[in-house]
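Notes to accompany the following structure.
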Amino acid sequence: MEIRKTMRPMSHKGTPMGDDTVREYIFFTVEYNHYRDVSDAIENAVRDCEDMRECECVLALPDSYTDNGEETPLIISFHGSGARVCEKDNMIGGLAFVTQCVNAGYAALDVNGSEPHGKTIGCFEHLMAAYKAYRYAVKHFNLSRNVLVAGGSMGGQSAFNFINMFPSIVTAAGIFFPRLNMDTVDVNGHSCLGSWDKLAVQGNDGTPRSRIINAHRFPSEEWCEQNTIGFNPHRIRSFVNSDGERVVIPPCPIKIWHGTADNTIDYVISEEYARAVRRAGCYIELHLLEGVGHKTTPVMRQELLMWFNRFI
């Protein structure tokens, strides 16, 4: 069932968002299979199952949208930690990153994810819920089947994981200050702390480490490389070359924006990711913004629109 609300979105702190206007948002739910087979047991029996869950989703359509004629380009925009998709609380998740794009004629979609607090950190279930929401959106609205992908912070990790899991539907990605490393990565002698290693308690939702353990279904309190394969962006579609350097082969063009004063996610990991992509001979752009912290800026949002305009 769809709920259409004309409203001004609220932030995760419960205050009106200062950079958005009143518009209609379409909230709906999709069903996705929450089950993930992470067992190595040998058994001659059906082990897979359909553990169906519901996920809340939100869609914004531009003023230029029509039910017929040319399809409206669609952005899937993944929210960061602290944001959610919640109709009851007027929260629109990652759509906050792309309001300028919606004003310019793009549709935008996000999902809450596989946990009520939304902090699912790019896990398999979050991606499947996003894919089901995409299928719903293009079935019921006149939207492009090929999508653009956006995201910020934790949502940057979800965005990277989505483009790698569903490369056939993604044209390009534009991502703000992304979480690129679940485990700690050493970059030229500089240690970039991964979300697995972050132990600071955040509100009532535990630590980033505890959320990684839960969302990626670790069998114990220890790091489980097997359960992170396909979901740790710095290592997806990658190999280590003969010089000991990481090489990453993304499935589409990517642009990243990252502030040099970001104390939440170290910008040097974005630099290293860009180097790893270029070692593969693939295309990526990186715009570092001097003195900018862990937040989007008018420069980022304007450039995101211009980046996406290249692909429609």
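The values are calculated or read from the model by the stated rules, or taken from the named source; none is laboratory data. Remember, it's a predicted structure, so these values are computed and weren't measured experimentally. Methodologically, a virtual Cβ is constructed for each residue, glycine included, from the backbone with ideal geometry; neighbour enumeration extends over all protein chains shown.
Things worth noting here:
- For the residues Y65, Y25, the requirement of being closer than 19 Å to R4 by Cβ, more than 21 Å from the chain's Cα centre (by Cα) and surrounded by 10 or more Cβ atoms within 10 Å (Cβ to Cβ) singles out Y65.
Residue-by-condition table, conditions (1) surrounded by 12 or more Cβ atoms within 10 Å (Cβ to Cβ); (2) modelled with pLDDT under 90:
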site	(1), (2)
G206	yes, yes
A215	yes, no
F218	yes, no
E221	no, yes
I229	no, no
I236	yes, no
S242	no, no
V247	yes, no
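- Hey, G94 of a type outside the set (D, E) and in a loop (DSSP other than H, G, I, E, B) or not: no
- When residues of the range 98-120 are limited to those that are modelled with pLDDT of 95 or more and within 23 Å of I212 (Cβ to Cβ), the one surrounded by the fewest Cβ atoms within 10 Å (Cβ to Cβ): N112
- Restricting the range 121-143 to residues that are assigned to a loop (DSSP other than H, G, I, E, B) and not polar (S, T, N, Q), the residue that is modelled with the highest pLDDT: F141
- Subset of the range 162-205 (residues that are of a type in the set (A, V, I, L, M, F, W, C), under 20 Å from D262 (Cβ atoms) and in contact (Cβ under 8 Å) with a residue 12 or more places away in the chain): A173, I175, F176, F177, L180, M182, V185, V187, C192, L193, W196
- Filter result for D67 (at pLDDT below 95 and of a type in the set (D, E)): no
- Which listed residue, of E50, E54, is assigned to a strand (DSSP E or B) and without any contact (Cβ under 8 Å) to a residue 40 or more places away in the chain: E54
- Residue in the range 132-140 that is surrounded by fewer than 22 Cβ atoms within 10 Å (Cβ to Cβ), over 12 Å from the mean Cα position of the chain (by Cα) and among the β-branched types (V, I, T) present: yes
- Restricted to the range 171-284, the set of helices (runs of 4 or more DSSP H) holding at least 2 residues that are over 21 Å from S81 (Cβ atoms) and not basic (K, R) comprises 225-228, 267-279.
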